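Below you'll find the structure, written out as structure tokens, and then a few comments.
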Amino acid sequence: MAHSDQAAYITQSEAELAYNILNNQSLILDYCAPCDAMIPELVEIKSLQNTFTNYEHFWEIVVNNQGIDLAYTYIYVDDLWINLANYIDIEVFDVPMQLSELDIEQLQINGDYEVTLDFTVEELNFQMQNLLTQFNGILESPQRLKLVETQNQWIEYFDAQMAWYAQLFLESDYSEYERSLIKQRIEVLNLFYEVFEEY
């Protein structure tokens, strides 16, 4: 992440606060608003450390073995992507406090989005939930209730399929089949979203 440092090296108390917040997150957004052509990147937190930098009194947060700048890190809070530095009262410049749907439209599921990439199960579930949330803005109340009903039916189908698959195949194949089912659901939901959005 080649950004200008703003909140990469922080105090120990700031690092402890950021660590505790991130420890309850599974995904973050890496987004540098001042950077030219910077596309928001969804990052799954696989490892997290609160580390002394060995430089003066500064500490840093390390995600997936890479130091991050809190000025360009966004966490998901109350259905919004919130800037982590601002969230813990670190003064930073030229970064929005929160990202709107337009700001992160590259992460939205749309007709040009490639859902066959090797996303993790968590990333795919995030994409599906994000798409379901978008339906709230285009559906009438009866339609939303019907969508919830059909989504619950799909979850029952998904659970039954995974239980059946677990009895037949090795555990190493389990996650790939899980991803394939979620990808199929995303593609179906995306198709219907495009149709409803046109009206």
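The values are calculated or read from the model by the stated rules, or taken from the named source; none is laboratory data. Everything numeric here is computed off the predicted structure, so don't read it as measured data. Quick reminder, even Gly has a Cβ in these numbers, built from the backbone with ideal geometry, and neighbours come from all protein chains shown. Side chains are part of the model used for accessible areas, which takes the heavy atoms of the whole protein and leaves out ligands, DNA and RNA. Shrake-Rupley method; radii C 1.70, N 1.55, O 1.52, S 1.80 Å.
Can you tell me which of (1) modelled with pLDDT of 85 or more; (2) closer than 30 Å to Glu149 by Cα; (3) not in a strand (DSSP E or B) is the one Gln127 doesn't meet?
Exception for Gln127: condition (1).
Which of the residues spanning region 15-36 are of a type in the set (Ser, Thr, Tyr) and within 17 Å of the chain's Cα centre (by Cα)? Steps first, please.
Start the filter on region 15-36 by keeping residues that are of a type in the set (Ser, Thr, Tyr), which leaves 19, 26, 31.
Scanning region 15-36 gives Ser26, Tyr31.
Can you tell me which residue is nearest to Asn125 (Cα to Cα) among those in region 8-60 that are of a type in the set (Gly, Ala, Ser) and out of contact with any Leu (no Cβ under 8 Å at 6 or more places or on another chain)? Can you show your working first?
Kept after step one, since they are of a type in the set (Gly, Ala, Ser), are these residues of region 8-60: 8, 13, 15, 18, 26, 33, 37, 47.
Narrowing the set further to residues that are out of contact with any Leu (no Cβ under 8 Å at 6 or more places or on another chain) leaves 13, 15, 26, 33, 37, 47.
On the way: Ser13: 33, Ala15: 29, Ser26: 12, Ala33: 26, Ala37: 27, Ser47: 20 Å.
Once the filter is applied, the top-ranked residue is Ser26.
Scan region 19-28 and give yes if some residue there is modelled with pLDDT under 85 and within 20 Å of Tyr76 (Cα to Cα), otherwise no.
At the first step, the residues of region 19-28 found to be modelled with pLDDT under 85 are 26-27.
If we keep only those that are within 20 Å of Tyr76 (Cα to Cα) as well, we get 26-27.
Yes: one or more hits.
Can you say whether Asp112 is open to solvent by 50 Å² or more (accessible area, probe 1.4 Å) and at pLDDT 90 or above, as far as the supplied structure shows? If you could, list the steps in order and put the result at the bottom.
Numbers: open to solvent by 50 Å² or more (accessible area, probe 1.4 Å): yes; at pLDDT 90 or above: no.
Spelling it out, it is not the case that Asp112 is open to solvent by 50 Å² or more (accessible area, probe 1.4 Å) and at pLDDT 90 or above.
Within region 77-92, track down each residue that is surrounded by 14 or more Cβ atoms within 10 Å (Cβ to Cβ) and farther than 25 Å from Asn125 by Cβ. Give the steps one after another, and end with the answer.
Here is the first cut: in region 77-92, the residues surrounded by 14 or more Cβ atoms within 10 Å (Cβ to Cβ) are 81-88, 90, 92.
Answer for region 77-92, where residues must be surrounded by 14 or more Cβ atoms within 10 Å (Cβ to Cβ) and farther than 25 Å from Asn125 by Cβ: Ala85, Asn86, Ile88, Ile90, Val92.
Any residue that is open to solvent by less than 30 Å² (accessible area, probe 1.4 Å), of a type in the set (S, T, N, Q), at pLDDT 85 or above and not in a helix (DSSP H, G or I) - is there at least one of those in region 7-16? Before you say what the answer is, go through the steps one by one.
Here is the first cut: in region 7-16, the residues open to solvent by less than 30 Å² (accessible area, probe 1.4 Å) are 7-8, 10, 15.
Now narrow it down to the ones that are of a type in the set (S, T, N, Q): none.
Scanning region 7-16, I find no residue that is open to solvent by less than 30 Å² (accessible area, probe 1.4 Å), of a type in the set (S, T, N, Q), at pLDDT 85 or above and not in a helix (DSSP H, G or I), so the answer is no.
Take the residues in region 93-109 that are touching a Leu at 6+ places or on another chain (Cβ under 9 Å) and modelled with pLDDT under 50, then tell me which one is surrounded by the fewest Cβ atoms within 10 Å (Cβ to Cβ).
Checking each candidate, the answer is Gln108.
Scanning for something in a strand (DSSP E or B), closer than 27 Å to Thr133 by Cα and open to solvent by 30 Å² or more (accessible area, probe 1.4 Å), does region 53-76 turn up at least one residue?
Let us first name the residues in region 53-76 that are in a strand (DSSP E or B), namely 59-63, 66-67, 73-76.
Retained after the next criterion (residues that are closer than 27 Å to Thr133 by Cα): 73-76.
Adding the requirement that they be open to solvent by 30 Å² or more (accessible area, probe 1.4 Å) leaves 76.
Yes: one or more hits.
Within region 190-199, can you find the residues that are surrounded by fewer than 17 Cβ atoms within 10 Å (Cβ to Cβ) and part of a helix (DSSP H, G or I)? Explain how you work it out, then say what you get.
Initially, region 190-199 is screened for residues surrounded by fewer than 17 Cβ atoms within 10 Å (Cβ to Cβ), giving 191-192, 194-199.
Leu191, Phe192, Glu194, Val195, Phe196, Glu197 - these are the residues of region 190-199 that are surrounded by fewer than 17 Cβ atoms within 10 Å (Cβ to Cβ) and part of a helix (DSSP H, G or I).
Could you list, ordered by first residue, the pairs with Cβ atoms under 6 Å in which the first is in region 150-171 and more than 13 Å from Ile182 (Cα to Cα) and the second is in a helix (DSSP H, G or I) and modelled with pLDDT of 85 or more, at least 6 apart or interchain?
none
Go through region 152-189 and count every residue that is open to solvent by less than 70 Å² (accessible area, probe 1.4 Å), at pLDDT 85 or above and polar (S, T, N, Q).
So the answer is 2.
Could you figure out which of (1) closer than 15 Å to Asn83 by Cβ; (2) modelled with pLDDT of 90 or more isn't true of Trp59?
The number of the failed condition is (1).
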